[in-house]
Amino acid sequence: MNLNVTKMIFSWFFLVCLCFPISFEIENNAYPIVSKASALSSESMPLTSNTFVEIAKQRNPAVVNVSMKSKTSKSRGKFKNPGPPGRGQNDQFRDFYDKFFKQQPRGRGQERTPRRGGTGSGFIIDAEGHILTNNHVVDGADEIVVNLDDDKEYTAKLIGTDPKTDIALIKIKRKDGDAAPFPYLQLGDSDKLEVGEWVVAIGNPFGLPHTVTVGVVSAKGRNIGAGAYDEFIQTDASINPGNSGGPLINIRGEVIGINTAIISGGGPGGGNVGIGFAIPTNLVKSILTDLREKGKVTRGWLGVMIQKITPDLAKSFSLKDNNGALVGDVIPDGPAAKAGIKRGDVIVEFNGQEVNNMEKLPKIVAQTTPDSDVNVLVIRDGKSMTLNVHIAILKDTSQRVAQGGATEDPLGMQGQDITPELAQSLNLDSEEGVLVSDVTAGQSAAEAGIKRGDVITEIDRKSVSNMSEYKRSLGAIKKGRTVLFLIKRGGTTIYIAVKLK
């Protein structure tokens with residue numbers, strides 16, 4: 001009997017020893033979540049099985065449904081669902097904003113003025129009622145309607161928009177009889193986010209209000225081709241059409257991202273496949289003051305066309321590595337041109353910040369205060385030099401894209417002279433150069449990235465103004481060599497290195 005008691009005591013002691021270190025580690029590394037209050041401020045709480053339940057309870061009141069109505073131009077006939085705004089039919093990235101047309105029955109032959117409506121998500125960021133959402137959720141709205149968790153409905157005022165980052169700031173006012181201030185969420189530090197962290201998404205997928213999903217941070221700094229300021233957080237938390245503009249929340253209850261895009265699973269709904277993207281809150285913080293005070297974002301402008309440095313380009317420019325941003329062209333009379341930056345320079349440092357890749361430079365420049373002086377470190381012909389640049393204000397400009405339609409060469413592409421008529425029809429600003437009229441798939445030019453409609457203006461840093469000069473330049477190049485082309489593409493100028501097989 002005594003032996004059995006001893007065995008039982010030992011078994012319980014062994015079990016406690018196994019469990020205690022695990023419990024102790026969780027408590028000492030607990031992620032705090034936010035206490036339930038109007039301000040929703042952070043307060044430590046141990047990570048338990050109810051953590052996500054508490055986050056959902058405390059965050060839901062500050063997450064809102066955002067819908068909009070807008071008048072479209074008058075026309076006759078039937079109207080169809082225009083689909084997600086700003087996306088082509090073959091675009092693999094689909095946003096969440098589900099637009100549709102609402103029509104009232106009318107007599108035959110009468111004019112119709114349909115009202116376009118849509119729905120998305122958003123979240124309140126202060127007690128005064130400022131709300132962050134996506135620009136595409138409210139773009140073109142004549143009326144913005146906000147519904148809170150308590151079913152109260154408000155008409156929102158548009159405060160500011162930034163299409164470049166797809167961020168919009170709207171505001172609602174307390175109604176008569178509203179005693180308490182609006183509950184709101186706090187913006188966390190997205191730079192401290194780690195891959196593998198738990199995150200919670202709250203929004204209105206497919207119009208289902210205040211839906212909570214849980215996942216992890218799958219990756220950081222994703223570039224999905226949405227624009228110059230791509231730096232998305234990737235998550236596998238389930239987000240779908242209607243989640244756009246909603247918060248991505250860390251385990252502390254802080255917003256670390258704004259849900260914006262997904263890779264669609266196809267089908268009519270374009271549902272979740274476990275890959276979603278959110279705009280980091282630190283990017284939002286950098287433009288929030290401008291949105292509040294000016295209604296738009298003022299960014300710095302350098303005045304250069306840049307491109308990624310490939311191994312072939314690094315070799316052609318005698319660079320030690322692929323770091324930096326290669327200057328493909330310099331805008332005349334722009335800040336860079338006035339400072340002495342030239343085509344072919346490699347920018348490796350801007351205003352004390354290292355530029356280790358092309359994608360980083362536009363973000364650094366954009367966050368630079370216009371009308372300020374900065375030092376730019378460039379590599380030119382293998383030598384480093386520092387130039388002082390006076391940064392200007394970035395203004396929106398439209399870009400023209402050339403397309404064309406004849407003499408094949410060893411690189412697998414066809415070129416032709418640019419006639420005055422061709423230049424006019426293709427909106428080319430010059431008749432100099434060689435127009436690429438076709439590119440053969442699988443050949444050297446296509447593999448390097450040359451496209452139909454490109455205009456070749458230089459070969460190996462020497463000017464090419466017509467087909468005769470083009471053929472002469474290529475004929476002097478030995479097989480197996482890498483040829484450096486300067487290409488005009490639409491409103492940009494880029495370098496492309498092509499290996500002559």
Per the filter on the stretch 136-195, residues assigned to a strand (DSSP E or B) and touching a helix residue (DSSP H, G or I) at 6+ places or on another chain (Cβ under 9 Å) are Ile144, Ala156, Leu158, Ile159, Gly160, Thr161, Asp162, Ile167, Ala168, Leu169, Ile170, Leu187
* Scan the stretch 317-325 and give yes if some residue there is of a type in the set (Phe, Trp, Tyr), outside any strand (DSSP E or B) and over 19 Å from the mean Cα position of the chain (by Cα), otherwise no. => yes
(1) surrounded by 15 or more Cβ atoms within 10 Å (Cβ to Cβ); (2) at pLDDT below 85; (3) not acidic (Asp, Glu) all hold for Ser425 apart from (1)
Practice prompt. Might you check whether a residue that is assigned by TED's automatic domain parsing to the domain that holds Val389, among the aliphatic types (A, V, I, L, M) and within 30 Å of Ile477 (Cβ to Cβ) occurs anywhere in the stretch 359-371?
Written response: no
How many residues of the stretch 254-299 are out of contact with any Asp or Glu (no Cβ under 8 Å at 6 or more places or on another chain), β-branched (Val, Ile, Thr) and modelled with pLDDT under 90? The answer is 2
Checking Asn223, Asn204 in turn, the sole residue that is more than 21 Å from Ser286 (Cα to Cα) and of a type in the set (S, T, N, Q) turns out to be Asn204
Among Ser244, Ser218, the single one that is in the same structural domain as Thr133 (by TED's automatic domain parsing), at pLDDT 90 or above and surrounded by fewer than 24 Cβ atoms within 10 Å (Cβ to Cβ) is Ser218
Examine the stretch 107-118 for a residue that is part of a strand (DSSP E or B) and either of a type in the set (Phe, Trp, Tyr) or modelled with pLDDT of 85 or more (or both), and state whether such a residue exists. no
Selection from the stretch 440-470 of residues exposed (fewer than 15 other Cβ atoms within 10 Å of the Cβ) and assigned to a helix (DSSP H, G or I) yields Ser468
Taking the stretch 40-61 and keeping residues more than 14 Å from Trp198 (Cα to Cα), exposed (fewer than 13 other Cβ atoms within 10 Å of the Cβ) and at pLDDT below 80 leaves Ser41, Ser44
When (1) at pLDDT 50 or above; (2) crowded, with 19+ Cβ neighbours inside 10 Å are applied to Tyr97, the one that fails is (1)
Picking from Asp417, Asp396, the residue that is at pLDDT below 85, of a type in the set (Asp, Glu) and surrounded by 17 or more Cβ atoms within 10 Å (Cβ to Cβ) would be Asp417
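The values are calculated or read from the model by the stated rules, or taken from the named source; none is laboratory data. Here the structure is a predicted model, which is why all the values come from computation and not from measurement. Methodologically, a virtual Cβ is constructed for each residue, glycine included, from the backbone with ideal geometry; neighbour enumeration extends over all protein chains shown.
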